[in-house]
Amino acid sequence: MPPITLTLAHSPDPDDAFMWWPLGVPALGMAPEIDTGRFRFEPVAADIQDLNVRAVERGDLDITALSFFAFAHASGRYTLTDCGSSMGDGYGPKVLARNPRDAAWLGTPGLTIGVPGEKTSAFLVLRLMLGRAFTFRAMHFREIIPALLRGEIDAGLVIHEAQVTFADAGLHLAADLGRWWTETTGLPMPLGANAVRRDLDDRHGPGTIRAVERTLRASIEHALAHRERGLDYAMRYAADTPRPLADRFIALYVNDLTLSMGERGRAAARLLLEKAHEAALAPHVRWEHHVPTPRPG
């Protein structure tokens, strides 16, 4: 029986690349380092906002990273896996300014904030923190810091490795959304999720989704056990980030909550999307049909 080829989409940042390199990268001639069973994985790297829109509007990728916020709009096609999510426990995306500012300043009328996409969890939490709509400019995540430095926006909401490198650009922290969320709720801030198409069992036989999830978890475990090799590969997606800072960023977002959301992570995801629904920003998600399979043991 020929192998089943599945597309696996991830954002072009070090933590996602670090999680999935053990599954192989055919375009680079990298064979899988773990037993992938009957599956072969075809990586697709794309901006998280592009993946969010693709999941909501097309749903053509077999496995995809997407923001928890976007999942609320795509849960008809996708179900979450218990592994592969990114959560900030007391830290998270940051709002930056050119001069020393605080969170209260963000309420100043007339400010324009650069954001990495309207379906990102970071954008949602910023809306929740400010408690109102605000003027924003959506742009590619790598363009936010340059636009802020040029004075084209007043503040910038940064994700990915810019969370640990912004000071090198001479910028200042106005608000840490993950800190605000955890202090407010006592829970980690749900950022990126990993999802699989809900029809995989219909297309490839009963038990396919669970088998895929076991393989994905094995990839993360292997990456954590072979950290330096994983970091070697992840540096392809680190832009100009020095290796020690890239390693620090990976440590923030590939951790125990990545191996398994657990009850605390699932509670955080439910709460985030309940708040989004209450604010009329997202449809209601019927979680009883979208609860991922917990990690064994």
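With a cut-off of 15 Å between beta carbons, the residues surrounding M139 carry a summed charge of -2, where Lys and Arg count +1 and Asp and Glu -1. Sequence-ordered 3J(HN,Hα) estimates for region 181-187 from the Karplus curve with 6.51, -1.76 and 1.60 and θ = phi - 60° stand at 5, 5, 5, 7, 10, x, 10 Hz, glycine and proline given as x. Across region 10-88, Cα-Cα pairs farther apart than 15 Å form 59% of the total.
If you run the Gaussian network model on the chain, springs between alpha carbon atoms under 10 Å, then out of Y253, Y237, Y78 the most flexible one is Y237. The phi torsions of region 113-119, fed into the Karplus equation with coefficients 6.51, -1.76 and 1.60 and a -60° offset, translate into couplings of 10, x, 10, x, x, 6, 9 Hz, rounded to whole numbers, with Gly and Pro shown as x. Under a model in which nothing but the beta-carbon of Lys, Arg (+1) and Asp, Glu (-1) is charged, region 94-185 shows a dipole of about 180 debye around its Cα centre.
Backbone amide hydrogens, once placed in the peptide plane, bring D82 within less than 5 Å of T293, excluding anything fewer than 5 places away on its chain. Working from label points 7 Å from Cα in the Cα-to-Cβ sense, the R264 to I34 distance is 2.2 nm.
Do any trypsin sites (Lys or Arg not before Pro) in region 56-124 lie in a loop, going by DSSP, with at most 13 other beta-carbon atoms within 10 Å of their beta carbon, and if so which? Spell out each step's value before the answer.
Working: sites: R58, R77, K94, R98, R101, K119; in loops: R58, R77, R98, R101, K119.
Here the sparse-neighbourhood loop sites are R58.
Note on the chain: Kirkwood radius taken over Cα pairs, Stokes-Einstein applied at 20 °C and 1.002 mPa s, translational D equal to 111 µm² s⁻¹. Using a Gaussian network model on the chain with a 10 Å cutoff between Cα atoms, which of L23, L149, L96 fluctuates the most? Among L23, L149, L96, the largest GNM mean-square fluctuation belongs to L149. Considering only L28, A17, I48, the residue lying farthest towards the positive end of the dipole of region 15-69 is L28, judged by Cα position with unit charges set on Cβ. Per-residue 3J(HN,Hα) values for region 233-239, derived from phi via the Karplus relation 6.51 cos²θ - 1.76 cosθ + 1.60 with θ = phi - 60°, read 6, 4, 4, 4, 10, 9, 6 Hz in sequence order (x marks Gly and Pro). Pairs of Cα atoms under 8 Å, at least six residues apart: use those to get the relative contact order of region 111-159, whole percent. Reported relative contact order: 54 percent. With runs of 4+ DSSP H residues as the only contributors, calculate the mean residue ellipticity of the chain at 222 nm using -39,500 (n - 2.57) per run, divided by the residue total and rounded to the nearest 500. That comes out to -11000 deg cm²/dmol.
Remark: relative contact order (region 94-185) = 49 percent; criterion is Cα-Cα distance under 8 angstrom and separation of 6 or more residues.
Projecting the Cα atoms of G170, A155, L111 onto the charge dipole of region 94-185 (Cβ charges, centred on the Cα centre) puts L111 farthest toward the positive pole.
Take the Cα of H284, step 7 Å toward its Cβ, do the same at D199, and the gap between the two points is 2.7 nm.
By how many nm would the segment from D256 to R142 lengthen if fully extended, with 0.36 nm per residue of separation less the alpha-carbon distance?
Roughly 38.3 nm would be gained on extension.
In this simple spin-label approximation, H277 and E57 carry label points 7 Å from Cα along the Cα→Cβ vector, and these lie 2.6 nm apart.
About its Cα centre, the dipole of region 155-213 is roughly 180 debye, where the only charges are +1 on Lys and Arg Cβ and -1 on Asp and Glu Cβ. Largest first, the three principal axis extents of the alpha carbons in region 1-142 are 62, 31, 25 Å in whole numbers.
Taking Lys and Arg as +1 and Asp and Glu as -1, the other residues whose beta-carbon sits under 14 Å from that of I209 total +2.
So for the chain, averaging the separation of alpha carbon pairs under 8 Å that are six or more residues apart and normalising by length, what relative contact order in percent results? Walk me through the intermediate numbers first.
Values: 573 pairs, mean separation 84.7, N = 297.
After rounding, I find 29 percent.
Taken over the Cα atoms of region 94-185, the convex hull encloses 91 Å³ per residue.
Between amide H atoms placed 1.01 Å from N, distances below 5 Å from I4 occur with F39, R40, all of them 5 or more places distant or on a separate chain.
All of the numbers you see were taken from the coordinates with simple rules; none came from a lab. Because the structure is predicted, anything quoted here is derived from the model rather than measured. With ideal geometry, Cβ positions are generated from the backbone for all residues, glycine too; neighbour counts draw on all protein chains shown.
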